[in-house]
Structures are given as structure tokens and as C-alpha cells.
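S.K.: What follows is a structure written as C-alpha cells; I'll ask about it next.
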Amino acid sequence: MRLIQVAQHVEDLRRAAAFYAELLAVQPTAVFDPPGLVFFDLEGVRLLLEPGAPRALLYLHVPDVRASVDELQARGVEVVDAPQVIYSHTDSRLGPAGTDEWMAFVRDSEGNTLGLVSQLATGHPASGGPGA
């Protein structure tokens, strides 16, 4: 079994599509308006933006969470929780062994919370933050 689609609630379909297109650095793969559906392809998993969908908490991998948060903050995106190490992977059960898992939370254009995640070599400071 594999995950095929995640739906996210939006109030303004065009605004949300523009936000996610910039965040994901890809254009939607399909737009159906009406009835009000926008799809993005995230490496084989569809992200559906839809006014009728419930709110979901999405976690998106980014190469460097601190740099991503800095860029989003410069665009006026609200940071809910600043980047921090939340786990050190000593084995490969949940991520690559020898990495620290960095996480931050931001708000999208529709008020949904998004988790941004990076896995960086243990002890390697992410760019853009203290010690970088």
C-alpha cells in the first residue's frame, strides 16, 4: 500500500494555488475550476487543494529548513515555530542514521499550519541560523 493523495482545505483557490506553486517550486498538474480543485504532484503523491476538504497538517521536506524559513519570512509568511532540531537519528528507522531532524512550522495563505523538515548531518548547522 502507498499514499496516493492528501487533501488540504483552502478558502481562496487561486491564492492557495499561487502560494503552493511558489513554495513547492512547481506549477499545478491539473486545475478544475469549477468545481474548485487544484492538484500538485509531489513525487507521485497528489496534493489536492479544495475548499470542501478538511484541514490537514502537512510535513514537507526542504533541503535546508532555516534557509526556507528565512525566505518565507521575507515574503511575509507567518512562522509559527522557528527551526530547531527535534530528533537525532542514531539508526535508520525514521531517517538517515547520523542526521539531525530539523523542523519548523509556518502558516500557508489559507491559515493552515505546514511543517517544514530537513535531515542534516549531525552537528552540521543549517544555513541562515546561528553558527552558520
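The values are calculated or read from the model by the stated rules, or taken from the named source; none is laboratory data. Only a predicted model underlies this, so the values are computations on that prediction, with no experimental measurement involved. Positions of Cβ are backbone-derived with ideal geometry, glycine not excepted, and every protein chain shown enters the neighbour counts. Heads up: the accessible areas ignore ligands, DNA and RNA and are worked out on the full protein's heavy atoms, side chains in. Shrake-Rupley method; radii C 1.70, N 1.55, O 1.52, S 1.80 Å.
S.K.: Taking all protein chains as present, what is the carbon and sulfur share of the accessible area of the chain, in % to the nearest whole number, probe 1.4 Å?
M.R.: Values: 4130 of 7460 Å².
Exposed carbon and sulfur together represent 55 percent of the surface.
S.K.: Here is a further query. (i) 7.9; (ii) 10.0; (iii) 8.7: which one is mean projected area of the Cα convex hull in nm² as calculated from this entry?
M.R.: So the calculated entry is the one marked (iii).
S.K.: Going through segment 43-79, which trypsin sites (Lys or Arg not before Pro) have at most 11 other Cβ atoms within 10 Å and a DSSP loop state? List each step's numbers first, then the result.
M.R.: Numbers: sites: R46, R55, R66, R75; in loops: R55, R75.
Listed in order of number, the matching sites are R75.
S.K.: Per residue, what accessible area does the chain have, given a 1.4 Å probe and all protein chains present, in Å²? Don't jump to the answer; show the numbers that get you there.
M.R.: Values: 7460 Å² over 132 residues.
I get 56 Å² per residue for the chain.
S.K.: Suppose only helical runs count, i.e. DSSP H with n ≥ 4. What mean residue ellipticity at 222 nm does that imply for the chain under -39500 (n - 2.57) per run, divided by all residues and rounded to the nearest 500 deg cm²/dmol? Numbers along the way, then the final one.
M.R.: Details: 2 runs with 22 residues, N = 132.
That calculation yields -5000 deg cm²/dmol at 222 nm.
S.K.: A further question follows. Tell me, what is the percent relative contact order of the chain, built from C-alpha pairs under 8 Å that lie six or more residues apart? Could you put the intermediate results ahead of the total?
M.R.: Details: 256 pairs, mean separation 30.8, N = 132.
Rounded, it is 23 percent for the chain.
S.K.: Could I ask something else about it? As a test of the definition: which semi-axes, in Å, follow for segment 1-73 when you take the square root of five times each eigenvalue of its alpha carbon gyration tensor? Largest first, please. Intermediate values should be presented prior to the final figure.
M.R.: Numbers: eigenvalues 86, 46, 27 Å².
Rounded to whole Å, the semi-axes are 21, 15, 12.
S.K.: In the chain, what % of DSSP beta bridges are antiparallel (nearest 5)? Don't skip to the end; give the middle numbers.
M.R.: Values: 24 of 33 bridges.
Beta bridges within the chain, antiparallel portion: roughly 75 percent.
S.K.: How far is helix 13-24 tilted, in degrees, relative to the longest principal axis of the Cα atoms in the chain, given as a value from 0 to 90 rounded to the nearest 10?
M.R.: 30 degrees
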